[in-house]
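Coordinate-derived values only; no laboratory data. What you see is a predicted model, and the numbers here were worked out from it, not measured in a lab. Reconstructed Cβ throughout: ideal geometry from the backbone, glycine too, with neighbour counts over all protein chains shown.
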Amino acid sequence: MKEFSRTDRVSDFLQKELAQLIQFELKDPRLGMVTIQDVRVSRDLGYADVFFTVLAFGAQDDESKAEANKDALKVLNNAAGFLRTKVGQALRARTTPELRFYIDNTLENGMKVSSLIEQAVREDQSRKASTDEDGE
């Protein structure tokens with residue numbers, strides 16, 4: 001059984017700590033409901049890439065979702081220094097990674113691919129049903 005590396009432990013810590021800090025410490029109304037999906041820390045612990053999603057409230061079109069994502073990205077990047085300071089106090093390590101935020105679109109992309117697959121299966125079934133009726 002492989003032990004967790006130091007970078008894995010720091011990544012897990014950062015993910016939990018940032019989720020708490022963003023939820024309770026950042027009071028920017030443009031932020032919305034942010035979920036930290038993943039944190040990848042460099043081997044030298046110099047930087048951490050933080051991947052997040054923004055939960056959309058109500059039915060939103062793609063344009064308003066993109067705008068909410070851009071706003072959240074801007075707010076998080078502006079707050080990166082503050083968040084790094086807070087994380088550093090809790091981490092108690094010699095160095096605290098520089099935080100770089102990225103919008104995580106994997107869930108959204110997965111839903112689009114799943115939808116396209118379902119649509120292709122339905123079209124295939126309807127095509128098969130129409131050829132069966134013609135063949136009888």
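Can you sort Glu63, Glu25 by how many other beta carbons sit within 10 Å, fewest first? Each step should come with its number before you reach the end.
On the way: Glu63 8, Glu25 11.
Lowest count first: Glu63, Glu25.
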### Message
How much of the DSSP bridge set in the chain is antiparallel, in percent, rounded to the nearest 5?
### Response
55
### Task
Work out how much length Ala80 to Arg127 would gain on full extension: take 0.36 nm times their residue separation and subtract the Cα-Cα distance, in nm to one decimal.
11.6 nm
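Calculate the dipole size of the chain relative to its Cα centre from +1 charges on Lys and Arg beta carbons and -1 charges on Asp and Glu beta carbons; express the result in debye to the nearest 20. Working shown, then result.
Numbers: 20 positive and 24 negative charges, 272 e Å.
In debye, rounded to 20, the chain gives about 1300.
So how much slack lies between Asp44 and Ser5, counting 0.36 nm per residue of separation and subtracting their Cα-Cα distance, in nm?
12.8 nm
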### Message
Only sites in a loop by DSSP and with at most 14 other Cβ atoms within 10 Å count here; which trypsin sites (Lys or Arg not before Pro) in segment 50-133 make the cut?
### Response
Arg92, Arg94
### Query
In terms of modelled amide H atoms, which long-range or inter-chain residues lie less than 5 Å from the amide H of Leu99?
Ala48
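Report, in listed order, any pair from Lys27/Lys74; Lys27/Lys70; Lys74/Lys112; Lys27/Lys86 with a Cα-Cα distance greater than 19 Å.
Values: Lys27/Lys74 14 Å; Lys27/Lys70 17 Å; Lys74/Lys112 26 Å; Lys27/Lys86 15 Å.
In this structure, Lys74/Lys112 exceed 19 Å between Cα atoms.
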### Task
Compute the length gained on full extension between Met33 and Glu67: take 0.36 nm times their separation in residues and subtract their Cα-Cα distance, giving the result in nm to one decimal.
10.8 nm
### CD proxy at 222 nm, helix term only [per DSSP H run n ≥ 4: -39500 (n - 2.57); per residue of the chain; nearest 500]
-19500 deg cm²/dmol
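As an exercise, take the mean of 1/r over every pair of distinct alpha carbons in the chain, invert it, and state the Kirkwood radius in angstroms.
Evaluated over the chain, this radius sits at 17.5 Å.
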### Task
State the answer as a single residue: which of Ser114, Val34, Leu18 lies farthest towards the positive end of the charge dipole of the chain, with beta carbon charges of +1 for Lys and Arg and -1 for Asp and Glu, about the Cα centre.
Leu18
### Task
Identify the chymotrypsin sites (Phe, Trp or Tyr not before Pro) of segment 8-96 meeting these criteria: DSSP loop state and at most 16 other C-beta atoms within 10 Å of the C-beta.
Phe57
